1. Which members of region 46-98 meet the condition of being free of Cβ contacts under 8 Å to residues at least 12 places away in the same chain and not in a strand (DSSP E or B)?
2. Looking at (1) of a type outside the set (Gly, Ala, Ser); (2) part of a loop (DSSP other than H, G, I, E, B); (3) within 30 Å of Val284 (Cβ to Cβ), which is the one condition that is false for Lys452?
3. Only one of (1) open to solvent by less than 100 Å² (accessible area, probe 1.4 Å); (2) in contact (Cβ under 8 Å) with a residue 24 or more places away in the chain fails for Glu35. Which number is that?
4. Search region 326-352 for residues that are acidic (Asp, Glu) and pair each with any residue that is part of a loop (DSSP other than H, G, I, E, B) and open to solvent by less than 10 Å² (accessible area, probe 1.4 Å) when their beta-carbon atoms are under 9 Å apart and the residues are at least 6 apart or on different chains.
5. If you go through region 334-379, how many residues are open to solvent by 70 Å² or more (accessible area, probe 1.4 Å), over 21 Å from Glu390 (Cβ atoms) and out of contact with any helix residue (DSSP H, G or I) (no Cβ under 9 Å at 6 or more places or on another chain)?
6. Check off (1) without any contact (Cβ under 8 Å) to a residue 40 or more places away in the chain; (2) hydrophobic (A, V, I, L, M, F, W, C); (3) surrounded by fewer than 22 Cβ atoms within 10 Å (Cβ to Cβ) for Leu486 and give me the number that stays unchecked.
7. List the pairs whose first member sits in region 456-475 and is over 19 Å from Gly293 (Cβ atoms) and in contact (Cβ under 8 Å) with a residue 12 or more places away in the chain, whose second member is open to solvent by 20 Å² or more (accessible area, probe 1.4 Å) and of a type in the set (Asp, Glu), and whose Cβ atoms are under 6 Å apart, counting only residues at least 6 apart or on separate chains?
8. Condition first: charged (D, E, K, R), surrounded by fewer than 15 Cβ atoms within 10 Å (Cβ to Cβ) and either without any contact (Cβ under 8 Å) to a residue 12 or more places away in the chain or not in a strand (DSSP E or B) (or both). Can you find one or more residues in region 113-126 that meet it?
Amino acid sequence: MPALLLLTGVSAGRRYEVATELTIGRSPSCELQIEDDKVSRRHARIFLREGHGRLSDLGSRNGTLLNGERVEGEVLLLPGDRVQIGETTLIYEPLAQAALAETAPFEAFHIPIAEVLPHVGPEGALFSVGVALLGATSEAMVLRRLVDESLHALNADRAAALLGSQEGLRTAAVSGAASVEVPRVMASLALELKEVASTATAVCTPLVAAGGMPFGLLYLESDEPLFSGSQVRLAATLGRMGGEAYTAMRSRAAEEPASVLVVGTSRPFRRVLDQARRAAASAVPTVISGEPGTGKSLLARFIHAHSPRALGPFVAVDCRQPAPVVEESLFGRGSAPGVPPRPSALQRADRGTLLLQHVEGLSSAVIERLVRLLARKVAPARQGGEEPVELRLIATAATPVQLLAAKGELDMALASALSGLEIEVPPLRERRADVLALFEHFAMRGAWEAQKPPPVLSPGSRRLLVDYKWPQNVRELKLVSERLALVYAGSEVHALRLPPEIQQGAVPAQPHNLQRMVERLERDAIVEALQAAGGRKIRAAERLGISRPTLDKKIEEYDIQVQKSRRS
């Protein structure tokens, strides 16, 4: 059914379905309640009439905007229309092309699915193998299940899957025996000639996916004469199914999406998130620029995760790699002995998002082919030729692509293909309000992975972290946070425990102001003494060689928080 996706505002990211009618306003009685002073109690109404969405304003104080224009009366909603109500932007999604119908099919009958699915014979064997392969969660599991299911399907005594070439086969899985020996001549026929070799007591079939050479083999052996024409055909089918399943699993493992969690509440970062949410609602190419380490790739994943393509694949290609590696990633490769085929990134990203990281690193030869494929909306197919694809393109760069193109550092054709939305991520020094929240996030994650309690920052450390300029941005903060979480788990991190560059990086702009330098060193020395003394002022004063009243005065002067440990 039609739905509304909230792009901005207090409820950004939520999705509301429109069954028949949906009232929007500040009142709790509204189906979509928006807590915003600019929104009236009953502000607007979206309803369906003859299968089409319509919008009307309910006499609101500030009005309702549709694609930037004030709504008067009742208006028709089209796919992708933007509705502005107060500080909230909504996008209208139409009915899907496939929907439930109320009309009953003619002479319909029904039967439990368990009675329809095959259980015996070749059909039952293929069904069992297919279910087992689809349920595998790793490449090793694919091969292990293939061997076990093949052994059962063909009533063989021993089975094995091997990967590699004639010169270097390695055993991947064995069933029915501790070890299995494959006749060299049968392995050669399977790997080099792409043929099924069989005798009365053995069959050897290649592991192969569409459009390539075998990258391994499936071998089955029986103590009694067993393999006839139908069994050989079934074995060949299982080898092909195993080859396709192994190739697909390998591709998915490389593109497994990471969890998307963005941290920050500063004004510059909120502005970036607002732009990212707007980009998520669009299908046009998006370029994310910014200094290294600012989180451009994470923001790309955020856009994908909040877009209608969220359930589709997210494929990333690092364009800084050597040109042959990038070319293979983007356009794929056929299989070779011991090497399964690799589908192209364009093909893997079909119905999803393709991320080109550091797009300025692409070579001219790769750019020429990539632009041509993108313009025609096709991708290299594994079996040869091309096939149509539909994907969303996102790129990251250190500098906006239009500026790179103007300087001659990026091909104009690629810049044109990427023209659409642009988001510039600010460096961490321009969003200092997020530093401590990011530290806690990374430190908590590092401590959790090490199964240790997180560290606690002293007031002085907190000040130094915020004052530091972080030349490597969020990436540098992440490394520092994780290191401190491991080294000082469960204890306080005072100023002298921070990396030297952070301690020195907060020195005031007047490096020759001796008084300020002395004050800073004195404060750090007091913090260290208190830490070593477990918060006991008398012991700290003794370590510093000063009196207790003098220490109290310094603690008050430098606003130092004293925490006593629980040790006796």
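1. Glu50, Gly63, Ala96, Gln97, Ala98, listed by residue number.
2. With respect to (1) of a type outside the set (Gly, Ala, Ser); (2) part of a loop (DSSP other than H, G, I, E, B); (3) within 30 Å of Val284 (Cβ to Cβ), Lys452 is out only on (3).
3. If we test Glu35 against (1) open to solvent by less than 100 Å² (accessible area, probe 1.4 Å); (2) in contact (Cβ under 8 Å) with a residue 24 or more places away in the chain, just (1) comes out false.
4. So the pair list comes out as Glu328/Ser344.
5. 1
6. (1)
7. If the second residue must be open to solvent by 20 Å² or more (accessible area, probe 1.4 Å) and of a type in the set (Asp, Glu), the pairs left are Val456/Glu492; Ser458/Glu492.
8. For region 113-126, residues charged (D, E, K, R), surrounded by fewer than 15 Cβ atoms within 10 Å (Cβ to Cβ) and either without any contact (Cβ under 8 Å) to a residue 12 or more places away in the chain or not in a strand (DSSP E or B) (or both): present.
The values are calculated or read from the model by the stated rules, or taken from the named source; none is laboratory data. Given the structure is predicted, the values throughout are model-derived calculations rather than measurements. Cβ sites come from the backbone with ideal geometry, for glycine too, and all protein chains shown count toward neighbours. For accessibility, only protein heavy atoms count, side chains too; no ligands or nucleic acids. Shrake-Rupley method; radii C 1.70, N 1.55, O 1.52, S 1.80 Å.
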